[in-house]
Amino acid sequence: MILPNLDSRENTVAEIDLAAFRYNVKQIQSLLNRHCILLAVIKTNAYGHGIKEIAHEAVKAGVERLGVTTVEEGILLRESGITIPIHLLSPINQYDALNVVTHELIASVSSKNVTKAIHDAAMKQEKIATVHLKLDTGLHRFGIEPKKALDFCAASYFLSNLYWEGIYTHFSNADEGDWVTTETQNRLFEKTVELLEGEGYLFPLKHVGASTIAIERVDMCWKMVRPGIALFGYQPDERQKKLIDLKPVLTLKTKIVQLHHLPSHTKIGYGGTYVTKQDEKIAIIPVGHGDGYKRGLSNKGYVLVRGRFAKIVGTISLDQTFINVTNVPNVQEDDEVILIGTQGKHTISARDIAKWTHSNIDEVLASIMQRIKRKYI
């Protein structure tokens, strides 16, 4: 096996195009009616784009609310100066209640114990905590079953230090274009809300949809919509490309750090999973699955070098990847390599990588590790 001598990881950078991000926000806003709030979902380090920087850019672009997964993400944004409402889109535990109230985060609730803990923390701090009730209409991830919602509200709704600003759900099949299932879930949500409000349990802010609903079904936007991946330049499904123009925000690039001329029948990489078929030029780039560049790309993915596709060969290791540059004229060490982005007339998108690895765009982008430097342009 050939081991490259690497002096630095400064060769690899994720460039984040803030103008493209703002463009995507505006494109989505243009689809919504003026009464629909846009909540920008920037969970998981803003899908790998950098949560603090993207949060501030979202505010500049006119986004009214932000959505994150964890209390830690919410605190990070508050400490970085973000003052607009921040929603926690995953459940918390009772021990998070104090921080939720202290940092004025909006919790999703569907547990009586957690709801009571938030109320008690708010009472101790002499605050009113804002919460949203999460209904499970078919995703079965978390949320309260509609048939149990009335009992839940009877036990929790009138706790003195809670403001029940909203109620919401999350569709299971919208991205797939399964409108029969999605409309069924929407009707279940609607009937449950009507039942609750008929008993005096009011929720001013109702929301059900993410990127796909914003793009395809504005009739289901209710009072707020929660786009995520579309903000970063990708339609959840390729059928939506004709409905909205989006610009990918992230370009992932590196450089060739070593170049080898290897004879025919040479085994390359761990396990020798690739064998040269002729005299070949094999380049090494300082990116591996330790950076979030998936091992599943081994012997099947491509990169761009000098405007040409170069196939990934051998098994991707923790820190390095082999690429076949035999057919790239004049290739040399220090040449730029595009892993995600455009070079010359060709583009490799996160969607391409998702197809090669049988994954999805969210995973491809969110997996890019922190040790890869982000450069904001």
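The values are calculated or read from the model by the stated rules, or taken from the named source; none is laboratory data. Note that the structure is predicted; figures quoted are calculated from it, not measured. Counting neighbours? That spans all protein chains shown, and the Cβs are built from the backbone with ideal geometry, glycine included. Only protein heavy atoms, including side chains, enter the accessible area calculation; ligands, DNA and RNA are left aside. Shrake-Rupley method; radii C 1.70, N 1.55, O 1.52, S 1.80 Å.
Yes/no per residue for (1) at pLDDT below 95; (2) over 16 Å from the mean Cα position of the chain (by Cα):
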| site | (1), (2) |
| --- | --- |
| Leu6 | yes, yes |
| Ala19 | no, yes |
| Tyr23 | no, yes |
| Asn33 | yes, yes |
| Ala46 | no, no |
Give just the number: which of (1) surrounded by 20 or more Cβ atoms within 10 Å (Cβ to Cβ); (2) under 25 Å from the mean Cα position of the chain (by Cα) does Thr347 not satisfy?
(1)
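On the given criteria, is Tyr47 within 19 Å of Lys375 (Cβ to Cβ) and among the aromatic types (Phe, Trp, Tyr)? Give the steps one after another, and end with the answer.
Details: within 19 Å of Lys375 (Cβ to Cβ): yes; among the aromatic types (Phe, Trp, Tyr): yes.
Here the answer is yes, as Tyr47 does meet what is asked.
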What number of residues in the stretch 65-96 are touching a residue at least 60 places away in the same chain (Cβ under 8 Å) and more than 19 Å from the chain's Cα centre (by Cα)?
0
State whether one or more residues within the stretch 115-132 are aliphatic (A, V, I, L, M), within 19 Å of Val208 (Cβ to Cβ), modelled with pLDDT of 95 or more and open to solvent by 10 Å² or more (accessible area, probe 1.4 Å).
no
Looking only at residues that are open to solvent by 70 Å² or more (accessible area, probe 1.4 Å) and assigned to a loop (DSSP other than H, G, I, E, B) in the stretch 307-339, which one is nearest to Glu15 (Cα to Cα)?
Asp334
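Going by the structure shown, is Lys355 more than 16 Å from Thr254 (Cβ to Cβ) and open to solvent by 40 Å² or more (accessible area, probe 1.4 Å)? Let's see the steps before the verdict.
On the way: more than 16 Å from Thr254 (Cβ to Cβ): yes; open to solvent by 40 Å² or more (accessible area, probe 1.4 Å): yes.
It is true that Lys355 is more than 16 Å from Thr254 (Cβ to Cβ) and open to solvent by 40 Å² or more (accessible area, probe 1.4 Å).
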Cβ-Cβ below 6 Å, separation at least six or inter-chain, first residue in the stretch 244-264 and on the phi < 0 side of the Ramachandran plot, second among the basic types (Lys, Arg): which pairs?
His261/Lys281
Residue ID - least open to solvent (accessible area, probe 1.4 Å), chosen from residues in the stretch 20-53 that are under 23 Å from Ile340 (Cα atoms) and free of Cβ contacts under 8 Å to residues at least 40 places away in the same chain:
Ile51
Give the stretch 42-101 a look and list any residue that's farther than 23 Å from Asp17 by Cβ and among the small types (Gly, Ala, Ser), or say none.
Gly74, Ser90, Ala97
Residue check for Pro236: touching a residue at least 24 places away in the same chain (Cβ under 8 Å), open to solvent by 50 Å² or more (accessible area, probe 1.4 Å) and part of a loop (DSSP other than H, G, I, E, B)
no
Helices (runs of 4 or more DSSP H) wholly inside the stretch 128-233 containing at least 3 residues that are of a type outside the set (Gly, Ala, Ser) and free of Cβ contacts under 8 Å to residues at least 24 places away in the same chain
179-198
Could you tell me which residue of the stretch 346-377 is farthest from Gly50 (Cα to Cα), considering only residues that are in a loop (DSSP other than H, G, I, E, B) and touching a Leu at 6+ places or on another chain (Cβ under 8 Å)?
Thr357
Among the residues of the stretch 300-321, how many are touching a residue at least 60 places away in the same chain (Cβ under 8 Å) and over 14 Å from Lys253 (Cα atoms)?
1
